[in-house]
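The values are calculated or read from the model by the stated rules, or taken from the named source; none is laboratory data. None of the values given here were measured: they were computed from a predicted structure. Every residue, glycine among them, receives a Cβ derived from its backbone with ideal geometry; neighbour counts consider all protein chains shown.
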Amino acid sequence: MILKDVLAKEKKAAFMLGNEAIVRGALEADVKVVAFYPGAPTSEVLDTFSDALGSFDYQMEITTNEKVALEVCAGASFAGIRSLTAMKSVGMNVASDTLFALGYTGVKGGLVLVVADDPHAHSSQSEQDGRFFAPNAYIPMLEPSSPQEAKNMVKKAFEISEKHRVPVIIRTVTRVNHQSGIVKLGDIKRSDFKKVRWKELNEEYTTLGAVARKKKLQMLERTAKLAEEFEKSEFNFAKQTDSDVGVVTASVSYLHLLEALKMLKLKDKVSILKLGTTFPLPKNIIKNFIEKLKKVIVVEELSAYLESELFAIAKDVNPALLILGKKSGIFSEAWEYNPNIVAKGIASAMGVKYAGHEAIAEEAKKIKAIIPDRYPTFCSGCPHRATFVALNQALKIQVAKGQEHYFANDIGCYSMWIFPPISRGDSSLCMGASIGVANGLSHVIKERVVAVVGDSTFFHAAIPGLINAVHNGNKFTLLILDNSVTAMTGQQFNPSTEFIAGGRQGKKISIEKICKAIGVEFIEIVDSYDVKGNVEVFRRALDYDGLSVVVSRRECALYGDRNKRRRGEKLVPFYVDKEICKRPYVCLRTFYCPAYELDGDRQPRISPELCDGCSVCAQLCPIQSVKRTEVKT
Amino acid sequence: MSLNIFICGVGGQGLVLLTTVIGNACAKSGTNIVTGEMYGLSQRSGAVSVHLRIGEDKFSPLIPYGEADILLSLEAIETLRYLEYLKKDGIVLMNKRIMQPPIETSRIITEKGSQYLTFEDVVSKLRGWTQNIAVVDALSLAMEAGNVRTENTVFLGCLSALQAFPVDEMAIKKSISEAVPKKTVDQNLKAFDLGKRKAHDSLCTLVPCRELP
């Protein structure tokens with residue numbers, strides 16, 4: 001896809017990423033307010049809206065966290081304005097407080113909430129199954145399997161939302177968000193952005209005690225109506241055959257199923273029920289589908305969400321029905337599926353032969369046993385690596401003096417400290433939790449606790465933990481790694497950046513001023529690249545008998561490099577002077593930069609096309625053999 | 001028309017752009033395409049992969065094991081990482097370039113006598129799976145084209161040489177011009193041509209190719 005297709009006025013077919021199709025669907029639905037906190041696998045929804053901001057009339061915010069994003073949308077929606085937010089699975093946890101309340105209060109303008117689960121935990125701390133939010137909060141849910149469906153469902157979700165006055169969840173998985181395909185575009189008819197007069201709307205959105213009790217009944221009524229309506233939804237469809245075996249599926253599992261049936265030569269040999277409205281479920285459609293079947297196979301990733309419902313429905317309409325899925329052990333609740341896994345499950349349920357994929361995987365495994373792992377690692381020029389080198393040196397000196405440490409990591413690029421070759425981290429939970437657990441640990445362990453948090457995570461969820469620490473007099477050291485952007489998800493702007501969505505000017509928020517206002521007494525601000533100086537600062541912070549905060553500041557290398565290129569500045573690489581280098585390998589032992597490798601002679605060299613010119617390795621070399629390339633002018 | 005290509009490489013090599021160029025060309029010519037992209041997080045130097053599937057009967061965004069017609073690899077070591085996806089005797093189209101993971105370099109300096117995996121090691125292992133291996137020194141061709149960041153476009157040129165690649169060369173070139181930064185269009189088109197010519201040296205002796213004009 002290129003942005004042009006998202007913006008295209010004509011109805012054509014375009015190659016689009018699932019996330020771009022979501023944006024297109026929302027633009028076709030005339031969305032007026034969008035708000036996001038970035039998170040894989042939904043970040044491209046934010047990025048695409050940010051890029052398209054110059055072309056259409058809508059309000060956009062990159063918010064401090066997902067809860068605020070949902071509330072921005074709720075505010076717009078209360079006033080009758082269409083709004084959309086998208087967040088990753090665990091972002092939904094943060095926003096869920098608001099979601100549950102919105103279930104009670106309802107909304108007016110269409111509010112669409114895209115929640116992307118991450119089976120396989122490709123880029124998340126858990127494989128949580130977000131589908132359960134829908135029944136728990138009485139919020140309707142649609143599940144697309146492809147970019148085309150994602151676009152259609154987003155568009156329809158605005159109508160459902162307005163008709164029933166309730167937010168609508170579009171629940172995706174990584175393989176839908178990061179799937180590209182041909183999408184047939186619909187009309188884009190945009191209306192002018194207009195402010196409305198609140199008083200004329202005559203609305204209220206409260207919920208508490210007696211009001212909540214009354215609204216609970218309305219919520220139940222609403223859900224019953226939605227269930228009735230979803231019986232007629234175009235997003236549920238059955239492919240009936242003469243077979244007495246059927247498959248019930250939803251989301252990307254449907255596509256894996258079609259592929260698996262092709263592999264097993266079972267195409268058109270089993271009936272398929274593909275569900276798109278997965279809360280409330282269209283129970284009559286399911287009843288009709290399973291009524292005459294002897295066997296039904298349920299193909300869904302993660303929890304047995306659909307399967308449990310099938311057991312309940314079958315109990316009345318077809319008690320003899322054999323239901324095969326996770327409970328019978330044909331499929332697992334762990335990890336994402338693919339065509340091979342689905343084929344294996346189907347073959348086993350149908351009692352047909354499937355050569356299986358284990359043999360081919362096993363054969364490949366033997367052949368590729370020689371290759372090294374390629375862990376995610378810090379980019380060349382990454383300020384986090386420099387901070388880590390200084391911290392590591394400081395910790396070593398402290399250990400020699402008898403001070404030991406607990407290291408509380410958090411969520412961001414610096415999470416990669418837990419991977420080899422650094423492999424450092426005693427805990428890493430979720431956004432902002434490093435400071436939270438540091439509070440508890442500081443009461444009970446003898447070691448000095450070192451917590452680390454990035455700028456975006458600081459604003460997102462860490463500030464309450466810091467206030468708690470000051471207020472209660474808890475003693476630990478906090479490193480705030482300020483690289484100006486939300487780096488890991490694609491360098492989006494955050495309050496530490498002077499820009500806001502669409503590259504417009506915003507107000508940069510000072511982390512150190514916040515810390516000072518909270519009452520932090522030890523606060524130092526350092527340049528991440530100044531390794532030698534930082535060792536001393538970190539040592540002082542570790543020795544401080546109280547809460548010490550060090551802000552290590554330097555912009556993300558990818559963000560900085562891109563800005564340099566835009567300004568026409570060249571990145572000037574370093575090189576190792578072979579004449580001087582005695583190969584103590586200090587650069588390699590302490591720095592792990594991907595621009596470094598050994599040549600055939602075991603001589604360290606720097607790949608000029610990978611070097612960002614940060615200079616940190618040159619500082620570390622004890623014999624000054626790393627030099628900046630001379631630029632001919 | 002049916003083609004499965006498994007594309008892999010290292011973060012920063014432009015796999016997503018390569019996918020976009022093919023996808024846009026397919027969209028314009030009414031050819032069905034579905035892809036599954038795995039680029040994980042936004043940092044550089046990690047493993048990146050794309051399942052690219054062209055044809056009407058392609059449903060899942062993931063290629064089943066052993067069904068990729070082509071394993072296209074922008075970094076030599078990564079070729080082996082995804083071997084199970086390639087058909088037996090399928091086509092390997094690989095970069096000669098190796099980007100050693102930092103963890104590997106730290107192992108080499110700490111373990112006496114240890115050595116990096118070489119490009120020859122990779123090829124010899126690949127021969128246990130297929131003989132159709134074409135090697136391209138994409139980095140030097142990209143440099144020859146005037147832009148080290150055009151390795152991905154070199155491979156688009158290689159693909160276009162193949163008879164099995166169902167997308168018209170002109171459509172790919174147009175798609176390149178629309179997808180890359182304006183000032184790099186000429187460099188990219190040059191990289192494309194160099195790749196195509198290179199394919200005729202190494203790949204077209206193994207598998208059916210379109211003739212050079």
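Confirm whether A:ALA312 is part of a helix (DSSP H, G or I), not assigned by TED's automatic domain parsing to the domain that holds A:ASP118 and not acidic (Asp, Glu).
On the way: part of a helix (DSSP H, G or I): yes; not assigned by TED's automatic domain parsing to the domain that holds A:ASP118: yes; not acidic (Asp, Glu): yes.
Considered against the rule, which asks whether it is part of a helix (DSSP H, G or I), not assigned by TED's automatic domain parsing to the domain that holds A:ASP118 and not acidic (Asp, Glu), A:ALA312 comes out as yes.
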For this session: For the stretch A:474-485, state whether one or more residues are over 21 Å from A:MET87 (Cα atoms) and β-branched (Val, Ile, Thr).
Result: yes
Exercise. Of all helices (runs of 4 or more DSSP H) completely enclosed by the stretch A:90-191, which ones contain at least 2 residues that are touching a Phe, Trp or Tyr at 6+ places or on another chain (Cβ under 9 Å) and within 25 Å of B:VAL16 (Cβ to Cβ)?
Worked result: A:147-164
Exercise. Just wondering, is there one or more residues in the stretch B:51-70 that are facing another protein chain (nearest Cβ under 9 Å), hydrophobic (A, V, I, L, M, F, W, C), surrounded by fewer than 24 Cβ atoms within 10 Å (Cβ to Cβ) and more than 20 Å from A:VAL173 (Cβ to Cβ)?
Worked result: no
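Results for (1) in a strand (DSSP E or B); (2) of a type outside the set (Lys, Arg); (3) touching a Phe, Trp or Tyr at 6+ places or on another chain (Cβ under 7 Å); (4) surrounded by fewer than 23 Cβ atoms within 10 Å (Cβ to Cβ), shown as yes or no for each residue.
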position: A:CYS430; (1), (2), (3), (4): no, yes, no, yes
position: A:ASN439; (1), (2), (3), (4): no, yes, no, yes
position: A:ALA451; (1), (2), (3), (4): yes, yes, yes, no
position: A:ILE463; (1), (2), (3), (4): no, yes, no, yes
position: A:LEU466; (1), (2), (3), (4): no, yes, no, no
position: A:LYS475; (1), (2), (3), (4): no, no, no, yes
position: A:GLY490; (1), (2), (3), (4): no, yes, no, yes
position: A:PRO495; (1), (2), (3), (4): no, yes, yes, yes
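Residue by residue, here is whether (1) within 12 Å of chain B (Cβ to nearest Cβ); (2) free of Cβ contacts under 8 Å to residues at least 24 places away in the same chain; (3) in a loop (DSSP other than H, G, I, E, B) holds:
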| position | (1), (2), (3) |
| --- | --- |
| A:TYR337 | yes, no, yes |
| A:VAL342 | yes, no, no |
| A:VAL352 | no, no, yes |
| A:ALA355 | yes, yes, yes |
Seminar exercise, completed: Checked against (1) touching a residue at least 24 places away in the same chain (Cβ under 8 Å); (2) surrounded by fewer than 22 Cβ atoms within 10 Å (Cβ to Cβ); (3) away from chain B (no Cβ under 14 Å), A:PHE331 satisfies every condition except (2)
For this session: Could you run through the stretch B:161-178 and say how many residues are among the aliphatic types (A, V, I, L, M) and surrounded by 21 or more Cβ atoms within 10 Å (Cβ to Cβ)?
Result: 5
For this session: Kindly indicate whether A:GLN125 is within 14 Å of another protein chain (Cβ to nearest Cβ) and out of contact with any Gly (no Cβ under 8 Å at 6 or more places or on another chain).
Result: yes
Exercise. How about the stretch A:1-54: which of its residues are under 17 Å from the mean Cα position of the chain (by Cα), part of a strand (DSSP E or B) and not aliphatic (A, V, I, L, M)?
Worked result: A:PHE36
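For A:VAL399, are the conditions met, namely being out of contact with any Phe, Trp or Tyr (no Cβ under 6 Å at 6 or more places or on another chain), farther than 26 Å from A:THR486 by Cβ, away from chain B (no Cβ under 14 Å) and part of a loop (DSSP other than H, G, I, E, B)? Explain how you work it out, then say what you get.
Values: out of contact with any Phe, Trp or Tyr (no Cβ under 6 Å at 6 or more places or on another chain): yes; farther than 26 Å from A:THR486 by Cβ: yes; away from chain B (no Cβ under 14 Å): yes; part of a loop (DSSP other than H, G, I, E, B): no.
So A:VAL399 does not fit the description; no.
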Exercise. Are there any helices (runs of 4 or more DSSP H) wholly within the stretch B:85-172 with 3 or more residues that are out of contact with any Lys or Arg (no Cβ under 6 Å at 6 or more places or on another chain), touching a residue at least 12 places away in the same chain (Cβ under 8 Å) and more than 23 Å from A:SER380 (Cβ to Cβ), and if so which?
Worked result: B:119-126, B:151-161
Problem set entry | Matching residues, the stretch A:477-488, being within 14 Å of another protein chain (Cβ to nearest Cβ) and out of contact with any Phe, Trp or Tyr (no Cβ under 8 Å at 6 or more places or on another chain) | A:MET488
For this session: Look at B:THR153 and say whether it is farther than 23 Å from B:ARG53 by Cα, crowded, with 16+ Cβ neighbours inside 10 Å and not small (Gly, Ala, Ser).
Result: no
Exercise. Restricting to the stretch A:499-526, what's the tally of residues that are loosely packed, with under 14 Cβ neighbours inside 10 Å, in contact with a strand residue (DSSP E or B) (Cβ under 8 Å, 6 or more places away or on another chain) and over 23 Å from A:ALA35 (Cα atoms)?
Worked result: 1
Problem set entry | Among the candidates B:LYS125, B:LYS112, residue that is touching a helix residue (DSSP H, G or I) at 6+ places or on another chain (Cβ under 7 Å), of a type in the set (Lys, Arg) and closer than 30 Å to A:LEU588 by Cβ | B:LYS125
For this session: Read through the list (1) away from chain A (no Cβ under 13 Å); (2) at pLDDT 90 or above; (3) farther than 25 Å from B:ILE33 by Cβ, then give the number of the only condition that B:LYS183 fails.
Result: (1)
Seminar exercise, completed: B:THR79: passes all of (1) more than 8 Å from chain A (Cβ to nearest Cβ); (2) over 17 Å from the mean Cα position of the chain (by Cα) but (2)
Problem set entry | Looking only at the stretch A:363-396, and only at residues there that are hydrophobic (A, V, I, L, M, F, W, C), touching a Lys or Arg at 6+ places or on another chain (Cβ under 7 Å) and touching a residue at least 40 places away in the same chain (Cβ under 8 Å), the one that is nearest to the other protein chains (Cβ to nearest Cβ) | A:CYS379
Exercise. Before we move on, is A:ILE360 assigned to a helix (DSSP H, G or I), in contact with an Asp or Glu (Cβ under 8 Å, 6 or more places away or on another chain), surrounded by 14 or more Cβ atoms within 10 Å (Cβ to Cβ) and hydrophobic (A, V, I, L, M, F, W, C)?
Worked result: yes
For this session: Filter the stretch A:172-205 down to residues that are in contact with a helix residue (DSSP H, G or I) (Cβ under 6 Å, 6 or more places away or on another chain) and more than 14 Å from every other protein chain (Cβ to nearest Cβ) and give me whichever is farthest from A:GLU300 (Cα to Cα).
Result: A:TYR205
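Within the stretch A:106-122, how many residues turn out to be under 19 Å from A:VAL94 (Cβ atoms) and buried (at least 21 other Cβ atoms within 10 Å of the Cβ)? Steps first, answer last, please.
Step one: of the stretch A:106-122, the residues under 19 Å from A:VAL94 (Cβ atoms) are A:111-118, A:121.
Then drop every residue that is not buried (at least 21 other Cβ atoms within 10 Å of the Cβ), which leaves A:111-118.
Of the residues in that region, 8 qualify.
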Problem set entry | Any hit, the stretch A:446-469, residues being farther than 30 Å from B:GLY11 by Cβ, free of Cβ contacts under 8 Å to residues at least 24 places away in the same chain and either among the small types (Gly, Ala, Ser) or not assigned by TED's automatic domain parsing to the domain that holds A:GLN398 (or both) | no
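Just to be sure, is B:ASP89 closer than 22 Å to B:TRP129 by Cα, away from every other protein chain (no Cβ under 11 Å) and within 14 Å of the chain's Cα centre (by Cα)?
Values: closer than 22 Å to B:TRP129 by Cα: yes; away from every other protein chain (no Cβ under 11 Å): yes; within 14 Å of the chain's Cα centre (by Cα): no.
No: the conditions fail for B:ASP89.
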For this session: Would you confirm whether any residue within the stretch B:58-78 is free of Cβ contacts under 8 Å to residues at least 24 places away in the same chain and at negative phi?
Result: yes
Exercise. Does the stretch A:393-407 contain at least one residue that is surrounded by fewer than 24 Cβ atoms within 10 Å (Cβ to Cβ) and closer than 26 Å to A:GLU66 by Cβ?
Worked result: no
